[in-house]
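Student: Sharing a structure, written as structure tokens. Questions coming.
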Amino acid sequence: MNIALIGYGKMGKTIEGLALARNHSISYKIDENNQHDIQHVKADVAIEFTHPEAAFENIKTCLQQKIPVVCGTTGWLHHLPEIEKLCHEVNGTFFYASNFSIGVNLFFKLNKQLTTLMSNFSQYQVALSETHHIHKKDAPSGTAITLAEGIIQQHQHYHAYQLDKSSQEGVISIEAIREGEVPGTHVVTYKSEVDEISIRHEAYSRQGFAAGALAIAEWIVKENKKGMLNMNDYLKF
């Protein structure tokens, strides 16, 4: 499989190492130093991990060149309807996930199941916290947003989320912490006056994210997948 890496930071380099170990080739490595080269990319698939301000144009350019895109950049989803429209127009392939870790996606499922149980007990107030490395540009993280959206879907008393503490009824508070080189830790807590219940996912390294993104790229190319795709399509939850 011939891969274009759009974004060649720590995540891109981790994906490169795993891809080469699996006998794939890297045709392009695009970063801020050669951004214009994206106009000439040729590959079986592009894996995009960049920054919120760059992702939309990167994805659009690849789709216009009929290159399937696997994207893990968060913080740009206000442009998602435009990408969906373009993907259908060019009969392209676009896969987005806020987190490619299998463990995190199991955590998403567990979050929804716990929320369904807690929805009947209004004495418990829910809050989220997420901790990431100091280089992460967006807050809250895409993973925290996915968790909050899962709670809103399953809980009859919550309808919105907000970064930092909220005293508004029905609004989930999300605390975003940036420190050191933390790959990613997410905690969902239900707290009452007498006790609390929490679930937690902690990533030890970027390996899980990179391995998941590479496995999905392999799946897309092998099965010639088309359209707008996400982790539910891949994991068949």
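Student: Considering only residues of the stretch 164-182 that are of a type in the set (A, V, I, L, M, F, W, C) and assigned to a strand (DSSP E or B), which is surrounded by the fewest Cβ atoms within 10 Å (Cβ to Cβ)? First the steps, then the outcome.
Tutor: Going through the stretch 164-182, the residues of a type in the set (A, V, I, L, M, F, W, C) turn out to be 171-172, 174, 176-177, 182.
Adding the requirement that they be assigned to a strand (DSSP E or B) leaves 171-172, 174, 176-177.
Numbers: V171: 16, I172: 23, I174: 23, A176: 17, I177: 12.
Top of the filtered list is I177.
Student: Output yes when any residue across the stretch 122-131 is modelled with pLDDT of 95 or more, in a helix (DSSP H, G or I), surrounded by 21 or more Cβ atoms within 10 Å (Cβ to Cβ) and of a type in the set (A, V, I, L, M), and no when none is.
Tutor: Checking the stretch 122-131: not a single residue is modelled with pLDDT of 95 or more, in a helix (DSSP H, G or I), surrounded by 21 or more Cβ atoms within 10 Å (Cβ to Cβ) and of a type in the set (A, V, I, L, M).
Student: Moving to a separate point now. Please indicate, with yes or no, whether at least one residue in the stretch 13-29 is under 16 Å from the mean Cα position of the chain (by Cα), closer than 25 Å to S141 by Cβ and not aromatic (F, W, Y).
Tutor: If we filter the stretch 13-29 for residues that are under 16 Å from the mean Cα position of the chain (by Cα), which is where we start, we get 15.
Next, only the ones that are closer than 25 Å to S141 by Cβ stay: 15.
Keeping just the survivors that are not aromatic (F, W, Y) gives 15.
There is at least one residue in the stretch 13-29 that is under 16 Å from the mean Cα position of the chain (by Cα), closer than 25 Å to S141 by Cβ and not aromatic (F, W, Y).
Student: Enumerate the pairs (first residue in the stretch 148-168 and basic (K, R); second residue anywhere and outside any loop (DSSP other than H, G, I, E, B)) with beta-carbon separation below 8 Å, excluding pairs fewer than 6 apart on the same chain, so at least 6 apart or on different chains.
Tutor: Here the result reads K165/S173; K165/E175, each pair linking the stretch 148-168 to a residue that is outside any loop (DSSP other than H, G, I, E, B).
Student: Please list, ordered by residue number, the strands (runs of 3 or more DSSP E) wholly in the stretch 185-232 having 1 or more residues that are within 26 Å of G17 (Cβ to Cβ) and not hydrophobic (A, V, I, L, M, F, W, C).
Tutor: On the way: elements: 185-191, 196-202, 227-229.
Where strands (runs of 3 or more DSSP E) fall fully within the stretch 185-232 and carry at least 1 residues being within 26 Å of G17 (Cβ to Cβ) and not hydrophobic (A, V, I, L, M, F, W, C), they are 185-191, 196-202.
Student: Now for a different question. Would a scan of the stretch 82-102 turn up a residue that is under 30 Å from E193 (Cβ atoms) and surrounded by fewer than 23 Cβ atoms within 10 Å (Cβ to Cβ)? Steps first, please.
Tutor: Of the residues in the stretch 82-102, the ones under 30 Å from E193 (Cβ atoms) are none.
So far as the stretch 82-102 goes, no, none of its residues is under 30 Å from E193 (Cβ atoms) and surrounded by fewer than 23 Cβ atoms within 10 Å (Cβ to Cβ).
Student: Also: The conditions are (1) β-branched (V, I, T); (2) touching a Pro at 6+ places or on another chain (Cβ under 8 Å); (3) farther than 17 Å from G212 by Cβ, and T74 fails exactly one of them. Which is it?
Tutor: (3)
Student: While we're on this one: Would you mind telling me which numbered condition in (1) within 21 Å of V221 (Cβ to Cβ); (2) part of a helix (DSSP H, G or I) H36 fails?
Tutor: Failed condition: (1).
Student: Is there a residue in the stretch 99-112 that is more than 13 Å from the chain's Cα centre (by Cα), under 17 Å from H51 (Cβ atoms) and assigned to a helix (DSSP H, G or I)?
Tutor: Checking the stretch 99-112: not a single residue is more than 13 Å from the chain's Cα centre (by Cα), under 17 Å from H51 (Cβ atoms) and assigned to a helix (DSSP H, G or I).
Student: Only one of (1) of a type in the set (G, A, S); (2) part of a loop (DSSP other than H, G, I, E, B); (3) out of contact with any His (no Cβ under 9 Å at 6 or more places or on another chain) is not met by G75, so which one is it?
Tutor: The one condition G75 does not meet is (3).
Student: Moving on. Return only the number of the condition from (1) of a type in the set (D, E, K, R); (2) touching a His at 6+ places or on another chain (Cβ under 6 Å); (3) not in a loop (DSSP other than H, G, I, E, B) that E84 does not satisfy.
Tutor: (2)
Student: Turning to a different aspect of this structure: Would you mind stating whether Q113 is farther than 29 Å from S205 by Cα and at pLDDT 95 or above? Walk me through how you get there before you give the answer.
Tutor: Details: farther than 29 Å from S205 by Cα: no; at pLDDT 95 or above: yes.
So Q113 does not fit the description; no.
Student: Could I ask something else about it? For the stretch 1-33, enumerate the residues that are in a strand (DSSP E or B) and among the basic types (K, R).
Tutor: Just the residues of the stretch 1-33 that are in a strand (DSSP E or B), to begin with: 2-6, 25-30.
Once the filter is applied, which keeps residues that are in a strand (DSSP E or B) and among the basic types (K, R), the stretch 1-33 yields only K29.
Student: Going through the stretch 30-60 one residue at a time, which ones are of a type outside the set (A, V, I, L, M, F, W, C), within 19 Å of K136 (Cβ to Cβ) and surrounded by fewer than 20 Cβ atoms within 10 Å (Cβ to Cβ)? Lay out the reasoning, then the answer.
Tutor: Within the stretch 30-60, the subset of a type outside the set (A, V, I, L, M, F, W, C) is 31-37, 39-40, 42, 44, 48, 50-53, 57-58, 60.
Add one more test, that the residue is within 19 Å of K136 (Cβ to Cβ), and what stays is 31-32, 48, 50-53, 58.
Hits for the stretch 30-60 are D31, E32, H51, P52, E53.
The values are calculated or read from the model by the stated rules, or taken from the named source; none is laboratory data. What you see is a predicted model; the values in this text were computed from it and never measured. Positions of Cβ are generated from backbone atoms using ideal geometry, with glycine treated the same way; all protein chains shown enter the neighbour counts.
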